1. Within the range 69-84, identify whether any single residue is touching a strand residue (DSSP E or B) at 6+ places or on another chain (Cβ under 6 Å), under 27 Å from residue 147 (Cα atoms) and at pLDDT 95 or above, and answer yes or no.
2. Assess whether residue 145 counts as being over 20 Å from residue 216 (Cα atoms) and open to solvent by 30 Å² or more (accessible area, probe 1.4 Å).
3. Considering only the range 25-53, state which residues are under 27 Å from residue 189 (Cβ atoms) and of a type in the set (Asp, Glu).
4. Determine if the range 181-188 includes at least one residue that is assigned to a helix (DSSP H, G or I) and either touching a Gly at 6+ places or on another chain (Cβ under 9 Å) or at pLDDT below 95 (or both).
5. Note down all Cβ pairs under 6 Å where the first residue falls in the range 178-189 and is touching a residue at least 12 places away in the same chain (Cβ under 8 Å) and open to solvent by less than 50 Å² (accessible area, probe 1.4 Å), the second is hydroxyl-bearing (Ser, Thr, Tyr) and in a strand (DSSP E or B), and they're at least six residues apart or on different chains.
6. Just give me the residues in the range 149-170 being open to solvent by 10 Å² or more (accessible area, probe 1.4 Å) and in a helix (DSSP H, G or I), in sequence order.
7. Does any residue of the range 13-23 turn out to be farther than 23 Å from residue 123 by Cβ and among the hydroxyl-bearing types (Ser, Thr, Tyr)?
8. As an exercise: evaluate residue 173 against (1) more than 21 Å from residue 209 (Cα to Cα); (2) among the charged types (D, E, K, R); (3) open to solvent by less than 20 Å² (accessible area, probe 1.4 Å) and give the number of the one condition it does not meet.
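The values are calculated or read from the model by the stated rules, or taken from the named source; none is laboratory data. Everything numeric in this text was worked out from a predicted model, so none of it was measured. Ideal geometry is used to build each Cβ from the backbone, glycine not excepted, and the neighbour counts take in all protein chains shown. Surface areas here come from the heavy atoms of the whole protein model, side chains and all, with no ligands, DNA or RNA. Shrake-Rupley method; radii C 1.70, N 1.55, O 1.52, S 1.80 Å.
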Amino acid sequence: MYKCCIFDLDGTLINTVHALNRTINLTLEAMGLEGIDEAHTKVFVGEGYRKYVERALIYRGDETLSGLSRALPLYCRIFEENCLYRIEAYDGMKELLAFLKERGIRIAVLTNKAQAQAVDNIETVYGKGYFDLITGEHPGMKRKPDPEGALYTARTLKADPGECLYVGDTNTDMMTGAAAGMDTVGVTWGFRPRGELEVCHPAYLAHTPADIIKIIKEQA
């Protein structure tokens, strides 16, 4: 039986694509470059904001990343102002989280989004103190797909890795959970296609949050 569910944030718990796309486009615009569409945002994000900015710059012709040193602080400033832009919970997610809490299963967030913005996103959509732990990118914690954050979450919530279910929408998430020795759930409602998840051989695929409820019930 699972004692803890660890969730990715962007594309899993919350649809943040509008905020992420708005931020990168305002950044590119400030640098005299054309923006990108939301489809590219979904592909470029997932490994921290630096990698997102790098991919967008390269896509818009800055192959040597000559503008990166200017773009990064611009992005951070703009994101602080826009990180809550049109964010919303995915359908069925609040019901899933309520089910887990009723079962006494701890719930946590592990994301490559900066810590302050991760907390702002989660508390805006789900309320303050609803999750047992929120871990975002911050000094001293390696980013996903390194398993350090997942293992830290398990230790903090007093669960063995084998008692944790790791839920995410990207190959980065699947690699993180597997490296931590956790069962993984690839969710198909997020930013990446089903095929990307299947290549990583998740323990489960979920097409709706209700599918995760079924998984939990089957393991009880």
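1. As a first pass, look at the range 69-84 and keep what is touching a strand residue (DSSP E or B) at 6+ places or on another chain (Cβ under 6 Å): none.
No, there is no match, as no residue in the range 69-84 is touching a strand residue (DSSP E or B) at 6+ places or on another chain (Cβ under 6 Å), under 27 Å from residue 147 (Cα atoms) and at pLDDT 95 or above.
2. So residue 145 fits the description; yes.
3. 37, 38, 47, listed by residue number.
4. Applying the first criterion (assigned to a helix (DSSP H, G or I)) to the range 181-188 yields none.
No: the range 181-188 contains no residue that is assigned to a helix (DSSP H, G or I) and either touching a Gly at 6+ places or on another chain (Cβ under 9 Å) or at pLDDT below 95 (or both).
5. Here the result reads 182/166; 184/166; 185/204, each pair linking the range 178-189 to a residue that is hydroxyl-bearing (Ser, Thr, Tyr) and in a strand (DSSP E or B).
6. 151, 152, 155, 156, 161, 162, 163
7. The initial filter retains those residues of the range 13-23 that are farther than 23 Å from residue 123 by Cβ, namely none.
Within the range 13-23 (the criterion being farther than 23 Å from residue 123 by Cβ and among the hydroxyl-bearing types (Ser, Thr, Tyr)), the answer is no, since none of the residues qualifies.
8. Going through (1) more than 21 Å from residue 209 (Cα to Cα); (2) among the charged types (D, E, K, R); (3) open to solvent by less than 20 Å² (accessible area, probe 1.4 Å) one by one, residue 173 breaks only (1).
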